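Structure first, commentary second.
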Amino acid sequence: MKKKKRYNKTKSLMGRVRAVFFCVLILISSIVITNRYTQSGLEKTKVVQASSEIKQENRSENLINMVYESSSNNSVLDMNSKNNNIKKENDGEVINSVDQDSNSFDSEKIQNFLTKNIRIEDNKKIAFLTFDDGPSTTVTPKILNTLKENNVKATFFIVGKQLEETPEAKNILLETYKQGHVIANHTYSHNYSKLYPHGRVDVNDFMAEVEQNNNILKSVLGENFRSRVIRFPGGHASWKGVAEIDKKLEDKSYKYIDWNALIGDSEGGPKTKEQLIKRYHQTFVGQEKVVLLMHDTYGKQSTAEALPYIISDLKNKGYEFRTLR
Ligand SMILES: [Zn+2]
């Protein structure tokens, strides 16, 4: 009995051990399976992530390519339009006789000096006399006389409307040109609310006015006349949204120029000669390159009266006089 009992005991112990062993085996295999499943799941996720990353990279590469292509297309277009401009200029024979004049100076360099402080390494004191808003039949002839007497050349920024309103002004324009002064573009109307609605440049109106003015100048000075120099009415720096118009002007080889000294003949009401000279001394403080803003339109008699003093002062200080191209 005792033996049988012991045998039974051993048997049940063996059974328990076997059961535990199976349990452990099942547990291990389930862990392995679960682990494998999880791993494959992770791998799957990783693959999906990786492929989506690749897709994204491809997409951004495509975007980069598109941007690159479009930008390179643009530069090709730019180059084409520049070549066309050069071709047009060549086809149009002469741009402006003053362009070949050694007395003229690249207005782009001067504008860069004015606004970006890029120095011109010639160490020369140069004065650019500029007259805006003309021609007038009353003031421009007096200014021309003073310039002639002093053998000085200047740059005149013409408003085309003045030529149409007073046909006699066309003869004065022609005379100005013949005397070797530079004729430049100051738009057709000089109308701020049309050119700059709400203080922002209207690109289409502005360009249309530049071309309209150009055509009127050509009708007086001949088909071969082309003025490359522009002055924004009120100055380039005064208006918003200039980036777009700057691009258009560049495409058409136009250059614009502001000023770094003035005589105050368009500030407030009429001024005496003495007041203008005082203002001149306030703003001209020995700039190596001085672009002096003056006006030769109707009512600016004092400007004509102050001009002999201004020229002699600049001469005494060692300045030479050049025009802008
Ligand atoms: Zn003006």
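The values are calculated or read from the model by the stated rules, or taken from the named source; none is laboratory data. Remember, predicted model here, so these are calculated numbers, not experimental data. Cβ: placed from backbone, ideal geometry, glycine included. Neighbour counts: every protein chain shown.
Starting from residues that are of a type outside the set (Lys, Arg) and within 16 Å of the ligand (Cβ to nearest atom), keep the ones in segment 218-236 and report whichever is farthest from the chain's Cα centre (by Cα).
The qualifying residue farthest from the chain's Cα centre (by Cα) is Ser227.
May I ask you to verify whether Glu211 is modelled with pLDDT of 95 or more and either surrounded by fewer than 22 Cβ atoms within 10 Å (Cβ to Cβ) or part of a helix (DSSP H, G or I) (or both)? So that I can check it myself, show each step before the final result.
Working: modelled with pLDDT of 95 or more: yes; either surrounded by fewer than 22 Cβ atoms within 10 Å (Cβ to Cβ) or part of a helix (DSSP H, G or I) (or both): yes.
Yes.
Looking at Asp122, Asp132, Asp106 in this structure, which one is closer than 24 Å to Lys315 by Cα, acidic (Asp, Glu) and within 13 Å of the ligand (Cβ to nearest atom)?
Exactly one residue qualifies, and that residue is Asp132.
Looking at (1) touching a Leu at 6+ places or on another chain (Cβ under 7 Å); (2) under 21 Å from Asp258 (Cα atoms); (3) within 16 Å of the ligand (Cβ to nearest atom), which is the only condition Leu163 fails?
Of everything listed in (1) touching a Leu at 6+ places or on another chain (Cβ under 7 Å); (2) under 21 Å from Asp258 (Cα atoms); (3) within 16 Å of the ligand (Cβ to nearest atom), Leu163 misses just condition (2).
If you take the residues of segment 250-270 that are in contact (Cβ under 8 Å) with a residue 40 or more places away in the chain and outside any loop (DSSP other than H, G, I, E, B), which of them is farthest from Ile183 (Cα to Cα)?
Here the answer is Asp251.
Take the conditions touching a Lys or Arg at 6+ places or on another chain (Cβ under 8 Å) and within 16 Å of the ligand (Cβ to nearest atom) and apply them to Tyr256. Does it pass?
yes
Out of (1) over 23 Å from the mean Cα position of the chain (by Cα); (2) among the polar types (S, T, N, Q); (3) in a helix (DSSP H, G or I); (4) at pLDDT 95 or above, the odd one out for Ser193 is which?
(1)
Looking at Tyr196, Tyr177, can you tell me which residue is buried (at least 18 other Cβ atoms within 10 Å of the Cβ), in contact with an Asp or Glu (Cβ under 9 Å, 6 or more places away or on another chain) and aromatic (Phe, Trp, Tyr)?
Every option except Tyr196 fails the conditions.
Being within 16 Å of the ligand (Cβ to nearest atom) and assigned by TED's automatic domain parsing to the domain that holds Ser253 is the requirement here; does Thr176 meet it?
Values: within 16 Å of the ligand (Cβ to nearest atom): no; assigned by TED's automatic domain parsing to the domain that holds Ser253: yes.
Here the answer is no, as Thr176 does not meet what is asked.
If you check Val152 against the conditions, is it away from the ligand (no atom under 15 Å from the Cβ), among the hydrophobic types (A, V, I, L, M, F, W, C) and in contact with a Phe, Trp or Tyr (Cβ under 9 Å, 6 or more places away or on another chain)?
yes
Considering Gly286, Gly318, which residue is farther than 22 Å from Val139 by Cα, over 29 Å from the mean Cα position of the chain (by Cα), assigned to a loop (DSSP other than H, G, I, E, B) and modelled with pLDDT of 95 or more?
Only one candidate qualifies: Gly318.
Restricting attention to segment 264-277, does a residue exist that is surrounded by 16 or more Cβ atoms within 10 Å (Cβ to Cβ), among the polar types (S, T, N, Q) and in the same structural domain as Thr140 (by TED's automatic domain parsing)?
Yes - at least one qualifying residue is present in segment 264-277.
Which of the residues that make up segment 226-239 are farther than 28 Å from Leu314 by Cβ and at pLDDT below 95?
Answer for segment 226-239, where residues must be farther than 28 Å from Leu314 by Cβ and at pLDDT below 95: just Arg226.
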